[in-house]
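The values are calculated or read from the model by the stated rules, or taken from the named source; none is laboratory data. Remember, predicted model here, so these are calculated numbers, not experimental data. Because the Cβ atoms are built from the backbone with ideal geometry, glycine has one as well, and the counts that use them run over all protein chains shown. All accessible areas refer to the heavy atoms of the entire protein, side chains included, with ligands and DNA or RNA removed. Shrake-Rupley method; radii C 1.70, N 1.55, O 1.52, S 1.80 Å.
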Amino acid sequence: MATVLNQLKIFLFLLLLAVLGFMTILDEKSACVMSFFTCKDDLSVTAKQTFRSYNVIPSAVLRQGNGIIFVETTDRMDEPPLVLCSIESAAQVYPDRPVVFFMKGLHDIITEKDEKKARERFPSLSSYQNIYFFPLRLEKLFADTPFLPWYEKIKPRREVHWTHVKADACRIAMIWKYGGIYMDTDVISIRPIPEDNFLIAEHDRRASNGIFGLSPYHKLSWEFMENFVQNYIGALWGHQGPGVFTRVVNKYCGIPQFNSMDDLKCANVSYLHPERFFPIWYPSWKKYYEVWKVLPTFKNSYALHLWNFMNGERKSMVVGSNTLIEHLYRQYCPSTYEKILHNVISHQ
């Protein structure tokens, strides 16, 4: 009788081991299905690429709402040095934050190979691991926002300022969807902005949309979009850009007055002094391309807006010119500067 009981115990023990093993196999298969992987003992190269591409998407990279966002709304892919300097300077100043460049002319990035190919287009930026490139798809970006009905009805060929108008819309939708900081591509970052939710004053009576930061799905972003659509006048320069921000700021705060270098509060966000980003005012934009006897410290500024829309003469940084902009390139976007220097030397 004892022998039979012992044999029964052994049988039940082996049966239990078999059941546990079977459950483990099921769990592994379930995990494989959930991860879109083929169930093998080791991940194949294709599976690793799939996993990488699954994570290298805007919603994953920008999931913490702390990204620095740049946008190119034309099909241009040969970005000028100032654009590259703007992106590089942000990557330097914010090394622990993703710096993302959305480009309308960029092909879809599906695999790690696609991402590598996109980075190779801009060798001066390729060494920065916190820089990402993504295609800009307006219909997808505007989905579930007040912009989509407007965008579906608009006739771009009839819009005299279409490039600027769609750029004005894109930046608001980006910050609504992802949060973080938006910057124009003629902004050189020089030190971190110590605010998460902020707007900036261009001058005493006008807000700027060239730089701003808000958390994802912030009520102000939604209000900007509604104001944009409800008051749309595409033929009026600036009406859909700084005009939108100014109208919303005035709604909550009237016309904020800066009586000192201190920043203000408006609609529960920081409203930053013009000196933070516009220490050189737009009528004097050429000063960036001049030689200074004493270089300015910009001690009250976080970034410098270079007013590139004023640059009809297409002035650029010239190596060896000793201009203010050359000093800025050398300090805040050294890889871009070295690339320009190398091109100059190779053509001599």
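The figures follow:
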item: Residue in the stretch 110-117 that is closer than 21 Å to residue 182 by Cβ and either at pLDDT 95 or above or outside any loop (DSSP other than H, G, I, E, B) (or both) present; result: no
item: The lone exception for residue 144 - which of (1) more than 15 Å from the chain's Cα centre (by Cα); (2) in a helix (DSSP H, G or I); (3) not basic (Lys, Arg) it fails; result: (2)
item: Residue pairs meeting the criteria (Cβ under 6 Å; at least 6 apart or on separate chains; first in contact (Cβ under 8 Å) with a residue 12 or more places away in the chain, in the stretch 137-166; second part of a helix (DSSP H, G or I) and surrounded by fewer than 12 Cβ atoms within 10 Å (Cβ to Cβ)); result: 162/156
item: Which numbered condition residue 291 fails, given (1) over 25 Å from the mean Cα position of the chain (by Cα); (2) open to solvent by less than 30 Å² (accessible area, probe 1.4 Å); result: (2)
item: Filtered residues of the stretch 289-340 (kept if of a type in the set (A, V, I, L, M, F, W, C), part of a loop (DSSP other than H, G, I, E, B) and in contact (Cβ under 8 Å) with a residue 12 or more places away in the chain); result: 291, 292, 295, 298, 306, 307, 317, 319, 333
item: Every residue from the stretch 230-262 that is surrounded by fewer than 19 Cβ atoms within 10 Å (Cβ to Cβ), within 23 Å of residue 180 (Cβ to Cβ) and either touching a Phe, Trp or Tyr at 6+ places or on another chain (Cβ under 7 Å) or of a type in the set (Ser, Thr, Tyr) (or both); result: 252
item: Cβ-Cβ under 8 Å pairs, at least 6 apart or on other chains, the stretch 262-282 side closer than 19 Å to residue 292 by Cβ, far side of a type outside the set (Lys, Arg) and surrounded by fewer than 16 Cβ atoms within 10 Å (Cβ to Cβ); result: 275/261; 275/300; 278/203; 279/296; 279/300; 281/203; 282/310
item: Which numbered condition residue 189 fails, given (1) surrounded by fewer than 22 Cβ atoms within 10 Å (Cβ to Cβ); (2) polar (S, T, N, Q); (3) more than 17 Å from residue 103 (Cα to Cα); result: (1)
item: The stretch 263-288, residues that are loosely packed, with under 13 Cβ neighbours inside 10 Å and either polar (S, T, N, Q) or part of a strand (DSSP E or B) (or both); result: 265, 268, 284
